[in-house]
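As structure tokens, the structure follows; a few thoughts come after it.
The values are calculated or read from the model by the stated rules, or taken from the named source; none is laboratory data. Computed from a predicted model, the values in this text were never measured in an experiment. For neighbour counting, all protein chains shown are included, and Cβ atoms are generated from backbone atoms with ideal geometry for every residue, glycine included. Accessible surface is based on the protein model in full, side chains and every heavy atom, while ligands, DNA and RNA are left aside. Shrake-Rupley method; radii C 1.70, N 1.55, O 1.52, S 1.80 Å.
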Amino acid sequence: MKTGRAAASFVAATLAAGAWHILVNAAPPAWDDAWYLEVSFRLYHALARGPFAFAAEYASAFRIKAPLLSLLPLPLYAVTGPVERVAVWVSLAAQGTTCAAVFAAARSLWPKHPRREAIAALAAALTAIIPLLYGLSRVFLVEPLLTALVAAAVWRVASPRRQEGPILGAMLGLGLLAKILFPLYLAGPVWLRRKELRPHLKLALFIAVPLAGTWYAFHLPYILGFAWSAGFGKIAADYSNGGSFVATLLGGALSWPLSFSMLAVAAGASRRGRLDDGSRLALAWAAPLAVLALGVNREIRFAAPALPALALLAARAALSFDSRAARAAAAAALLAAGSFVFVRQTFMLSASEALPWCGAPSGDAGWNRAALVAAVADGGGTVAAVAVEHPRLNANNLSALAASRGLDLRFVNLGYAQTSVEAALIRLKDKDADRLLIVSGIPDAELPAFLNRANAGIAAALASSRLPSRALTRVPLAPGVEAAVYDLRRRK
């Protein structure tokens, strides 16, 4: 009981630091987080119009991303209104849920181990100080939710109860509504427990399929195509980074101090005998890391749902020594390494110096997106094309801000990683864009090059009158940065 209370206090302290980070951080949403926000705000406003409007908005959401994350902040908006920074609390709550699920999973994985409670406590504490997990818990992205659902599912799969079918079915359905990759993270544990799970299969599928089908029935071909492209196709190539996945995992997702301490403890424990059943299941949970290493995409946040398995394995190894002093030293080494990194990544390092998704909170609220949204809306615009992709200003975060205000206004980009000016011009017509935004004053070094290859060509088409337009207004966004708003309706 003492170890459980100590772990709870440790996890609570890390979550309190995360809460402080969310409260202080003023950075605007960037790309994917802004897209989740936009859909979340549109769902909220649709719900106010009635159940049929909400159902239509839900059924049409994203097309290439599962929508569960965008639903979860709706009760918060009922209290605070649709505010961008409010939704992030869902991610922090998911991080706390993950830690609790890891504690429960450890108890199920090693039910007869004499130090079961200590393993569970250490595993939960280590989960709380894995940099990628706490970094993502401060952003409105799907990985914290997905990680919590995977951890909870592994807990139930590890030791299925008599009436497990409905619970497993609900978890599978919700997991698929969180991300289509959900089954990948559970494949190993489910295979190891296939005999115990077989009696629950029919009932689980009876619940999971209709639940997931509320959205997948409309979008399955699109999301399958996107998932393949993001893992192995064109989109994956844009995120290949040319680096080693293993190096990014050890040095970025876990940090080198925590990785070295985990490897040292594992090496010391490896001489103590064969793997037990619980360790094999934890390894099966970690197996998707090998699949990700073989993929083209090097986006490290896909590794997040498998990282609690490494915390479980490290905790099991640390508490495998015969000597109480050795066990205490191993646990202390793990916690000290992780805590040292946690303090630096939460309070000290800027985002540019920090590990992926980590860093101290920023007091910079970004550029004047509100003025730009107002300028487009006041002029009667309904679809505005944005000829720039920058973390502080892009179609996603402009759309999110417009959606938070309930405006019938959408912003679109020139096409993902667009290389062709001709294709960008066609996209303007296909999207029925009636406004075009050209942003000047941003240093080229600040722009993601692969996302901004068609901007100059579109600006040239405007200047040459190849793209008929009428200049409406210019909006200052930041010192030296300005957006010009053009009316494209003259070309019709």
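No other residue among 433, 424, 370 is free of Cβ contacts under 8 Å to residues at least 40 places away in the same chain and either part of a loop (DSSP other than H, G, I, E, B) or surrounded by fewer than 17 Cβ atoms within 10 Å (Cβ to Cβ) (or both) apart from 370.
Quick check on the stretch 214-227. Is at least one of its residues in a loop (DSSP other than H, G, I, E, B), closer than 14 Å to residue 302 by Cβ and either modelled with pLDDT under 85 or touching a Gly at 6+ places or on another chain (Cβ under 9 Å) (or both)? Before the answer, list the steps.
Kept after step one, since they are in a loop (DSSP other than H, G, I, E, B), are these residues of the stretch 214-227: none.
Checking the stretch 214-227: not a single residue is in a loop (DSSP other than H, G, I, E, B), closer than 14 Å to residue 302 by Cβ and either modelled with pLDDT under 85 or touching a Gly at 6+ places or on another chain (Cβ under 9 Å) (or both).
If the condition is being open to solvent by less than 80 Å² (accessible area, probe 1.4 Å) and either touching a residue at least 40 places away in the same chain (Cβ under 8 Å) or under 15 Å from residue 153 (Cβ atoms) (or both), then the stretch 206-224 contributes 207, 208, 211, 212, 214, 215, 216, 219, 223. Under the condition of being polar (S, T, N, Q) and either open to solvent by 10 Å² or more (accessible area, probe 1.4 Å) or more than 30 Å from residue 282 (Cα to Cα) (or both), the residues counted in the stretch 96-110 number 2.
Per-residue answers, yes or no, for (1) within 29 Å of residue 226 (Cβ to Cβ); (2) not charged (D, E, K, R):
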{"position": "84", "(1), (2)": "yes, no"}
{"position": "121", "(1), (2)": "no, yes"}
{"position": "135", "(1), (2)": "yes, yes"}
{"position": "142", "(1), (2)": "yes, yes"}
{"position": "150", "(1), (2)": "yes, yes"}
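Just a yes or no: is a residue in the stretch 85-92 open to solvent by 10 Å² or more (accessible area, probe 1.4 Å), free of Cβ contacts under 8 Å to residues at least 60 places away in the same chain and not acidic (Asp, Glu)?
Pass one, the stretch 85-92, residues open to solvent by 10 Å² or more (accessible area, probe 1.4 Å): 85-86, 89-90, 92.
Of the ones still in play, those that are also free of Cβ contacts under 8 Å to residues at least 60 places away in the same chain are 86, 90.
Of the ones still in play, those that are also not acidic (Asp, Glu) are 86, 90.
Yes, there is a match, as at least one residue in the stretch 85-92 is open to solvent by 10 Å² or more (accessible area, probe 1.4 Å), free of Cβ contacts under 8 Å to residues at least 60 places away in the same chain and not acidic (Asp, Glu).
Only a single item in (1) surrounded by 14 or more Cβ atoms within 10 Å (Cβ to Cβ); (2) touching a strand residue (DSSP E or B) at 6+ places or on another chain (Cβ under 8 Å); (3) among the hydrophobic types (A, V, I, L, M, F, W, C); (4) not in a helix (DSSP H, G or I) is not met by residue 471, and it is number (1).
Return yes when residue 302 is open to solvent by 20 Å² or more (accessible area, probe 1.4 Å), part of a helix (DSSP H, G or I), closer than 18 Å to residue 135 by Cβ and hydrophobic (A, V, I, L, M, F, W, C) and no when it is not. Let's see the steps before the verdict.
Details: open to solvent by 20 Å² or more (accessible area, probe 1.4 Å): yes; part of a helix (DSSP H, G or I): yes; closer than 18 Å to residue 135 by Cβ: yes; hydrophobic (A, V, I, L, M, F, W, C): yes.
Yes: the conditions hold for residue 302.
Within the stretch 154-185, the set of residues being open to solvent by 20 Å² or more (accessible area, probe 1.4 Å) and assigned to a helix (DSSP H, G or I) comprises 155, 156, 166, 167, 168, 170, 171, 172, 174, 176, 183, 184. Would you mind stating whether residue 130 is without any contact (Cβ under 8 Å) to a residue 60 or more places away in the chain and over 14 Å from the mean Cα position of the chain (by Cα)? Spelling it out, it is not the case that residue 130 is without any contact (Cβ under 8 Å) to a residue 60 or more places away in the chain and over 14 Å from the mean Cα position of the chain (by Cα).
Counting only residues that are open to solvent by less than 50 Å² (accessible area, probe 1.4 Å) and either among the aromatic types (Phe, Trp, Tyr) or not in a helix (DSSP H, G or I) (or both), how many does the stretch 324-367 have? The qualifying residues number 13. Please indicate, with yes or no, whether at least one residue in the stretch 137-153 is surrounded by fewer than 23 Cβ atoms within 10 Å (Cβ to Cβ) and either free of Cβ contacts under 8 Å to residues at least 40 places away in the same chain or charged (D, E, K, R) (or both). The answer is no; no qualifying residue exists.
Going through the stretch 134-175 one residue at a time, which ones are of a type in the set (Lys, Arg) and within 16 Å of residue 92 (Cα to Cα)?
Looking only at the stretch 134-175, we keep the residues that are of a type in the set (Lys, Arg), and these are 138, 156, 161-162.
Correct list: 138 only.
Please determine whether any residue of the stretch 391-413 is farther than 16 Å from residue 38 by Cα and not in a helix (DSSP H, G or I). Working first, answer last.
Going through the stretch 391-413, the residues farther than 16 Å from residue 38 by Cα turn out to be none.
No, that holds for no residue.
When 406, 338 are checked against the criterion of being over 19 Å from residue 475 (Cβ atoms) and touching a His at 6+ places or on another chain (Cβ under 7 Å), 406 stands alone in meeting it. Given the conditions (1) crowded, with 19+ Cβ neighbours inside 10 Å; (2) among the hydrophobic types (A, V, I, L, M, F, W, C); (3) not in a helix (DSSP H, G or I), which single one is not true for residue 64? Failing condition for residue 64: (1). Take the conditions touching a residue at least 60 places away in the same chain (Cβ under 8 Å) and within 25 Å of residue 260 (Cβ to Cβ) and apply them to residue 59. Does it pass? The answer is no for residue 59. Within the stretch 244-269, restricting attention to residues that are in contact (Cβ under 8 Å) with a residue 12 or more places away in the chain and of a type in the set (Phe, Trp, Tyr), the residue that is surrounded by the most Cβ atoms within 10 Å (Cβ to Cβ) is 245.
Take the residues of the stretch 111-136 that are in a loop (DSSP other than H, G, I, E, B) and either touching a Pro at 6+ places or on another chain (Cβ under 7 Å) or open to solvent by 10 Å² or more (accessible area, probe 1.4 Å) (or both): which is nearest to residue 11 (Cα to Cα)? In this case the residue turns out to be 115. The set of residues from the stretch 392-417 being open to solvent by 30 Å² or more (accessible area, probe 1.4 Å), on the phi < 0 side of the Ramachandran plot, more than 20 Å from the chain's Cα centre (by Cα) and not charged (D, E, K, R) comprises 407, 413.
I'd like the residue in the stretch 9-26 that is open to solvent by less than 70 Å² (accessible area, probe 1.4 Å) and without any contact (Cβ under 8 Å) to a residue 60 or more places away in the chain and, out of all such residues, is farthest from residue 94 (Cα to Cα).
Once the filter is applied, the top-ranked residue is 13.
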